[in-house]
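K.L.:
Mind having a look at this structure? Questions to follow.
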Amino acid sequence: MSVSRKQIKEERRRRRELVEESRAVEAKQDQRRRMMVLGGLALLMAAFVAVFTIVSFAGRDRELTAQNSVDVTRRAPDKNSVGFADKGNQHIASSTTPHVAYSSDPPTSGPHLSNLAPEGWHDEPVPVELLVHNLEDGHVVIYYQPTLPEAEKMQLQALVTELGAKVTTAPYDKLKTPIALAAWTRMDSLSAFDDQRIRDFVTAYRGIDHHK
């Protein structure tokens, strides 16, 4: 039985089609393998980022916890502040409620109201019985004389805005120096605005919780 030229051509065409189909299948398989590899790499990268983030936050939390556990009376790298006796954490009903005398003026610990003064800048006086609670929660309170020169007042306000959280500033009529920096059982009295000295004090004491 002879094979015609037409049949030979048809057979060759069919073989070419089979080869092309085989190549197409292999190309799809290669693409699928590449996608699987890329997907695996993406998952590994995402897992790495997640682990790195968790470890970073855990490290930061451990650092903050260790920092906050340090006795504030033994942690005074500001080199200028002085310490005062801890007068406790008693809550009182109002600013006129009789209580034990504070160990400093303005106070740096002792009886205080149950709520907090809003952090940030205050143009009007704030009851010290309120601000002491801020100190207990790890705030730094900056007092200034109402007669502080306007230029220094503007510098102080700009710095307080920059420093941000847990820094509270208010005028205090009975202040004996132009500016006083208060933290729990610590105070530094300034004869004039001093940017670096204020920053050092805030760095030393901000964020230390004093609840017993």
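The values are calculated or read from the model by the stated rules, or taken from the named source; none is laboratory data. No experiment lies behind these values; they were computed from the predicted model shown. In this analysis, Cβ positions are derived from the backbone assuming ideal geometry, glycine residues included, and neighbour counts consider all displayed protein chains.
K.L.:
Quick one: would you say Glu129 is buried (at least 16 other Cβ atoms within 10 Å of the Cβ), within 25 Å of Ala158 (Cα to Cα) and among the acidic types (Asp, Glu)? Explain how you work it out, then say what you get.
P.N.:
Working: buried (at least 16 other Cβ atoms within 10 Å of the Cβ): yes; within 25 Å of Ala158 (Cα to Cα): no; among the acidic types (Asp, Glu): yes.
No; evaluated as a whole, the condition is false for this residue.
K.L.:
Continuing with the same structure: Out of all the residues in segment 151-161, is one or more over 18 Å from the mean Cα position of the chain (by Cα) and of a type in the set (S, T, N, Q)?
P.N.:
Within segment 151-161, the subset over 18 Å from the mean Cα position of the chain (by Cα) is 151-158.
If we keep only those that are of a type in the set (S, T, N, Q) too, we end up with 155, 157.
Yes, because at least one residue in segment 151-161 is over 18 Å from the mean Cα position of the chain (by Cα) and of a type in the set (S, T, N, Q).
K.L.:
Among all residue pairs at least 6 apart or on different chains, which show Cβ distances below 6 Å where the first residue, located in segment 110-123, is assigned by TED's automatic domain parsing to the domain that holds Ser95 and the second is surrounded by 17 or more Cβ atoms within 10 Å (Cβ to Cβ) and small (Gly, Ala, Ser)?
P.N.:
His122/Ala170
K.L.:
When you look at His139, is it at negative phi and outside the structural domain of Gln90 (by TED's automatic domain parsing), yes or no?
P.N.:
Working: at negative phi: yes; outside the structural domain of Gln90 (by TED's automatic domain parsing): no.
Against the criterion (at negative phi and outside the structural domain of Gln90 (by TED's automatic domain parsing)), His139 does not qualify.
K.L.:
Where residues in segment 148-193 are of a type in the set (S, T, N, Q) and assigned to a helix (DSSP H, G or I), which of them is surrounded by the most Cβ atoms within 10 Å (Cβ to Cβ)? Talk me through it step by step, then tell me what you get.
P.N.:
Applying the first criterion (of a type in the set (S, T, N, Q)) to segment 148-193 yields 155, 157, 161, 168-169, 177, 185, 189, 191.
Restricting the remaining residues to those that are assigned to a helix (DSSP H, G or I) gives 155, 157, 161.
Details: Gln155: 17, Gln157: 15, Thr161: 12.
Selected residue: Gln155.
K.L.:
Right, something else. Specify the residue that is nearest to Lys174 (Cα to Cα); the eligible residues are those in segment 87-131 that are among the acidic types (Asp, Glu) and in a loop (DSSP other than H, G, I, E, B).
P.N.:
Here is the first cut: in segment 87-131, the ones among the acidic types (Asp, Glu) are 105, 119, 123-124, 129.
In the following step, the residues that additionally are in a loop (DSSP other than H, G, I, E, B) were identified as 105, 119, 123-124.
On the way: Asp105: 8, Glu119: 21, Asp123: 15, Glu124: 14 Å.
Among them, the one singled out is Asp105.
K.L.:
Further, regarding this structure: Exactly one of these conditions fails for Gly207: (1) surrounded by fewer than 18 Cβ atoms within 10 Å (Cβ to Cβ); (2) farther than 21 Å from Lys79 by Cβ. Give me its number.
P.N.:
Among (1) surrounded by fewer than 18 Cβ atoms within 10 Å (Cβ to Cβ); (2) farther than 21 Å from Lys79 by Cβ, Gly207 violates only (2).
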